[in-house]
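Here the structure comes first, spelled out in structure tokens, and everything after it is commentary.
The values are calculated or read from the model by the stated rules, or taken from the named source; none is laboratory data. Computed from a predicted structure; not experimentally measured. Note: ideal-geometry Cβ built from the backbone for every residue, glycine included; neighbour counts use all protein chains shown.
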Amino acid sequence: MISKSGSAVWQGGLRDGTGKVSTQSGTMSNVDYSFAKRFEGVSGTNPEELLAAAHAACFSMALSNILGEHDLTATHIQTEATVNLDPQSLSVASVHLDLTATIPGTSQEAFEEAADAAKAGCPVSKLFDTEITLEARLTS
């Protein structure tokens, strides 16, 4: 088993409090987060942004793995994940993956199959209990 950790500290009430989030690797160390950054459009990180980045990275690696199983190697994979939070229920309402990839020697059909398999098999995808949509573009 491989274990990775992150930590968060929160002080104060929901609307007036502040927090700091860190990763085990130190890539993020005591980064500020708050209600305003999460719900009011104030610049800064928030849990949904971190989930989106994690999902985009995980999906891209999963796709690379699936391509490798078919003796294909992408020269470029770019994924943007958008996590949509319902502020009323405080639940993740949906996730959208927007993929652009350059994969020499593959067909559109094989690309779409690999992208769908990556969406379903990515460990972060498996965490979400919501609809995950995918738009996938193959470039040359």
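Table for the structure above
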| quantity | calculated |
| --- | --- |
| Residues of segment 85-101 that turn out to be surrounded by fewer than 19 Cβ atoms within 10 Å (Cβ to Cβ) and either more than 15 Å from Val124 (Cα to Cα) or in contact (Cβ under 8 Å) with a residue 60 or more places away in the chain (or both), as a count | 10 |
| Looking only at segment 119-140, and only at residues there that are within 13 Å of Ala101 (Cα to Cα) and either among the small types (Gly, Ala, Ser) or without any contact (Cβ under 8 Å) to a residue 24 or more places away in the chain (or both), the one that is surrounded by the fewest Cβ atoms within 10 Å (Cβ to Cβ) | Ser140 |
| Conditions (1) assigned to a strand (DSSP E or B); (2) more than 24 Å from Phe128 (Cα to Cα); (3) assigned by TED's automatic domain parsing to the domain that holds Glu135; number of the one not met by Thr100 | (2) |
| Residue in segment 8-23 that is surrounded by the fewest Cβ atoms within 10 Å (Cβ to Cβ), counting only those that are under 18 Å from the mean Cα position of the chain (by Cα) and among the polar types (S, T, N, Q) | Thr23 |
